[in-house]
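*Asks:* This is the structure I want to talk about, given as structure tokens.
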Amino acid sequence: MKLQILLKKEDVKIADELLDNFSDIIIKKAPLKNTDSTIVTFETSSNNMNDAKTIDNVHGLIKEKISFKILVDDRVAHFNKNLFPLINDFERLLRKFLYVGAEVDDKHEIIKELENKSLEEIFIILFVDIEYSTNFFETIKKNNNFKKMNKTAFLALLNEKKEESLWNEMFSSLDVRFIEENYLTLKNYRNSVMHAHNIDYQNYSSAKELYYEVNEILRNNIDIYTGEGDYPNINYSLLLKALTEKVDITGIFPKRYEQTSLNGLAEVLKNMFSVIMEMKNNEQKESEE
């Protein structure tokens, strides 16, 4: 795995001193003809996630002390390659969730031809109350004293009218609030990957965790609509909360399970969940390497 940067000649020695402790890094230098700059290449022996993390540490260390231009950055390509399937799954799951939800709520005229819309267009339809936003900005324009308003005054103005997103209108009875709360972050991470922006290991880890979570939320709630899961109509999000936080699980299961020993069933599911998550984590580690 390789990180190749363009440095001013006088900064090469600083980079060398910073990387004294990186014994597993191969460093190559070549002057750029007819300039006072040097091309410096940092390379590891393989191309897995551990190497990506090592290169990420190198990048972060140099970035703190020196200004440089990136020519090649394999760690970002590795991060993007791992994130792309999660983002692809998210967009497909989101469309499926919206189509079945629109069928139930009779929103065919709004939720249609999603394949022809960008993710940003879909997010605006779902999460932005255009009328609310327009009215707020019109109010600001008409208020000659808005430059004298503080944060408290602005918040009071924002709260004068209720904002109602289509997402909340369609799915308020489902446990999907997390997606609405994080849609801007989802969009930003998605754009970073699709447009090959440079991301570090911390952002990669945060993006991976976020997309895993929203994809699981979408799958579980699609199952609630379609009955495709192993336990149709079980609120999986509440169940997971119950199993991990040891809260009362009454009301999580459909009424037809009311005669079941819920505590016994919860214990069985808890053990199953632990095994499944361990298998999933092992598969994930293997795929990343």
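*Asks:* With every protein chain present, what accessible area does Arg92 have (1.4 Å probe, heavy atoms only), rounded to the nearest 10 Å²?
*Replies:* Here the residue's solvent-accessible area equals roughly 140 Å².
*Asks:* Under a point-charge model restricted to the Cβ atoms of Lys and Arg (+1) and Asp and Glu (-1), what is the dipole moment magnitude of region 113-225 relative to its Cα centre, in debye to the nearest 20? Spell out each step's value before the answer.
*Replies:* Working: 13 positive and 19 negative charges, 153 e Å.
That gives a dipole near 740 debye.
*Asks:* What does the net charge come to around Arg75 if you take all other residues with beta carbon closer than 11 Å to its beta carbon, with K and R at +1 and D and E at -1? Don't skip to the end; give the middle numbers.
*Replies:* Numbers: positive: Lys2, Lys53, Lys81; negative: Asp51, Asp56, Asp73, Asp74, Asp200.
Net of charged neighbours comes to -2.
*Asks:* Quantify, in whole percent, the carbon and sulfur part of the accessible surface of region 1-112 (1.4 Å probe; protein heavy atoms only). Don't skip to the answer; put the middle values down first.
*Replies:* Numbers: 2990 of 6240 Å².
Carbon plus sulfur share of accessible area: 48 percent.
*Asks:* Glu103 to Met149: FRET efficiency via 1/(1 + (r/R0)^6), r the Cβ-Cβ distance, R0 45 Å, to the nearest 0.05?
*Replies:* In this case the efficiency is close to 0.50.
*Asks:* May I pose another question? Along the Cα-to-Cβ line of Asn47, 7 Å from the Cα, sits a label point; which residues in region 17-32 have backbone N less than 12 Å from it?
*Replies:* Flagged as within label range: none.
*Asks:* Something else: Determine which residues of region 5-36 fall in the zone a paramagnetic label at Lys69 would reach in this model, i.e. backbone nitrogen under 15 Å from the point 7 Å along Cα→Cβ.
*Replies:* 5-9, 31-36
*Asks:* Take peptides 24-36, 128-140 and line them up by average Cβ neighbours within 10 Å, highest first, as a rough protection proxy. List each step's numbers first, then the result.
*Replies:* Working: 24-36: 10.9, 128-140: 12.7.
Most protected by this proxy first, the peptides run 128-140, 24-36.
*Asks:* Need one number: nm distance between label points at Arg219 and Asn203, each 7 Å from Cα along Cα→Cβ, rounded to one decimal.
*Replies:* Once both label points are built, they end up 2.7 nm from each other.
*Asks:* Run the numbers for Phe178 and Lys29: contour at 0.36 nm per residue of separation, minus the present Cα-Cα distance, in nm. Before the final figure, lay out the partial values.
*Replies:* Details: separation 149, 0.36 × 149 = 53.64 nm, distance 4.77 nm.
Full extension of this stretch gives 48.9 nm more.
*Asks:* On to the next question. Any of Lys33/Lys69; Lys53/Lys208; Lys112/Lys162; Lys33/Lys63 with alpha carbons more than 20 Å apart? Name them for me.
*Replies:* Values: Lys33/Lys69 16 Å; Lys53/Lys208 15 Å; Lys112/Lys162 26 Å; Lys33/Lys63 24 Å.
Over 20 Å Cα-Cα: Lys112/Lys162; Lys33/Lys63.
*Asks:* So, for region 95-140, what is the accessible surface per residue at a probe of 1.4 Å, expressed in square angstrom?
*Replies:* Heavy-atom accessible area per residue stands at 59 Å².
*Asks:* Here is a further query. Could you compute the FRET efficiency for Leu18 and Asn88, with r as their C-beta to C-beta distance and R0 at 35 Å, rounded to 0.05? Spell out each step's value before the answer.
*Replies:* Working: r = 38 Å, r/R0 = 1.07.
Calculated value: 0.40.
*Asks:* Sticking with this one: What percent do you get for the relative contact order of region 24-91 when only Cα pairs under 8 Å and 6+ apart count?
*Replies:* On the way: 44 pairs, mean separation 15.7, N = 68.
Worked out over region 24-91, it gives 23 percent.
*Asks:* So, in Å, what gap is there between the alpha-carbon centers of region 125-139 and region 25-56?
*Replies:* About 49 Å separates the Cα centre of region 125-139 from the one of region 25-56.
*Asks:* What Rg and what Dmax come out for region 54-147 when only alpha-carbon atoms are used, in angstroms?
*Replies:* Cα only, region 54-147: 21.8, 58 Å (Rg, Dmax).
*Asks:* So what's Rg/Rh here for region 145-185, counting alpha carbon atoms and using the Kirkwood radius for Rh?
*Replies:* Details: Rg = 14.4 Å, Rh = 12.5 Å.
Computed over Cα atoms, the ratio is 1.15.
*Asks:* Taking the Cα centre of region 1-110 as origin, work out the dipole magnitude from +1 charges on Lys and Arg Cβ and -1 charges on Asp and Glu Cβ, in debye rounded to 20. Walk me through the intermediate numbers first.
*Replies:* Values: 17 positive and 19 negative charges, 94 e Å.
It comes to approximately 460 debye.
The values are calculated or read from the model by the stated rules, or taken from the named source; none is laboratory data. As the structure is a prediction and not an experimental result, all values here were calculated from the model. Please note: Cβ atoms are built from the backbone with ideal geometry, for glycine as well, and neighbour counts cover all protein chains shown. Each accessible area value is taken on the protein alone, full model and side chains, heavy atoms only, with ligands, DNA and RNA left out. Shrake-Rupley method; radii C 1.70, N 1.55, O 1.52, S 1.80 Å.
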